[in-house]
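Step one of this worksheet: look at the structure below.
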Amino acid sequence: MIESGRYKNEGILIYVLRAFAFFAGIFAVVMYMTKGDYTVLLTGATPLPVVVSDADNMLSDDQKMQIRSLHMNLLHLADIDLRVVVLMGAFDADDTATGLLKKSDAGARSKSKKGMILLVGPQARIVRLKMNFDKERPFSDEFVNYVQNRKMSPFFRNNDIMNGIVKTVAFIVQRAQDDQAGKIFSAKQLEAQLMDRDSSNELPPNRVMNDYGSPFQVYRAFIHSMRSFDANNKLSFYSTESQYIFKGQPLSRDDMARFVRLDENCPPAEVKILKDQHHAIMRYPIIARECTPYFFVVENNAWTMDMTLDRRVIKVDAFNRWLMVQGIRHPYEEGFSDWLFDAFGYPQEE
């Protein structure tokens, strides 16, 4: 009986080991096929090599991840399956883009088979946006022309092409969201907005707050200091409590670089001054999941940036998506009263 029990236990152990080896083998095969991209396994995201074709590895891994995140946003928002192709050398722009759209599987992940190709030639300084569906909604001829002839121009001039590609993809996603909100694209109106935004970028970081006049200008001063990696906790645009927190826990260079990266890649934000006229928020469209909101409070009759919520209310998960810890009361709740949050604190689209 003892021998029989021993053999039975050994049989169970062998069965468990075989099952473990079987599932480990499957996991290894999947990881090999996705090149170790665990996001594909956890969230069903499109594999990076499918979204981005970059044979010369001009884009960084972080830039490719940003593009993939935007690709997923566009897929969920407008059911459009986007591919980004970076092609070196000289080529015929229209023929190449049309051929790539036909040969690629762009549209395979779309329920309505809507596919799109963004082709960028860094050396040829060429941009082409092609799609296999009606361009009038949401991408009019005016929008396509703007993307192909205007959007990347400053990035070509400044030799910042790869960053420009990420921003162009974000621009496409933002247009899809604007379309759902009933907004019509106007290149002339966009240029006017950009001129207003650029004029506020020149503000130095340490002038008196009353000279700024708005929370957004305080934000521009904050970004100016982040670009300079200025970790001084006494900068005048910080609230008193923020200065106290940063004295013991100063921002790291990685923190500051992240704020700059988000400023460069996030879509236009909305500033809301709350009813008490002493608090304000700056928030991005819900679809921009990596773009964390900012908070402002009036102190001594001047707007200041309140960074205290970043430490206790606003959190960022492993996929760089922000969430708001539920159950903690704070004076900025009114600013999100028109948004829904799930049980984990993630903002939800209606």
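The values are calculated or read from the model by the stated rules, or taken from the named source; none is laboratory data. The structure displayed is predicted, hence computed values, not measured ones. So basically every Cβ, Gly included, is an ideal-geometry build from the backbone, and we count neighbours across all protein chains shown. Heavy atoms of the whole protein, side chains included, go into the accessibility calculation; ligands, DNA and RNA do not. Shrake-Rupley method; radii C 1.70, N 1.55, O 1.52, S 1.80 Å.
Global dimensions of the range 224-350 from alpha-carbon coordinates: Rg and Dmax equal 14.4, 41 Å.
Please compute the contact order of the range 222-273 in relative form: average sequence separation of alpha-carbon pairs under 8 Å and at least six residues apart, divided by the residue count, as a percent. Show your work: numbers first, answer last.
Details: 26 pairs, mean separation 22.5, N = 52.
Here the relative contact order equals 43 percent.
In the calculated pair distance distribution of the range 48-142, what percentage of Cα-Cα distances lie above 23 Å? Tail fraction, whole percent: 21. Note that the range 96-183 presents 47 Å² accessible area per residue, ligands and nucleic acids not counted, probe 1.4 Å.
Close amide H partners of Thr304, meaning residues 5 or more places away or on another chain with modelled amide H under 5 Å apart, are Val297, Val298, Glu299. Here the relative contact order of the range 76-160, from alpha carbon pairs under 8 Å that lie six or more residues apart, stands at 28 percent.
Per-residue Karplus couplings for the range 253-261, computed as 6.51 cos²θ - 1.76 cosθ + 1.60 with θ equal to phi - 60°, are listed in order as 5, 5, 4, 5, 5, 5, 4, 5, 4 Hz, Gly and Pro entered as x. What's the local net charge at Ala108, with K and R +1, D and E -1, over the other residues with C-beta under 14 Å away? Around Ala108, the surrounding residues sum to +4.
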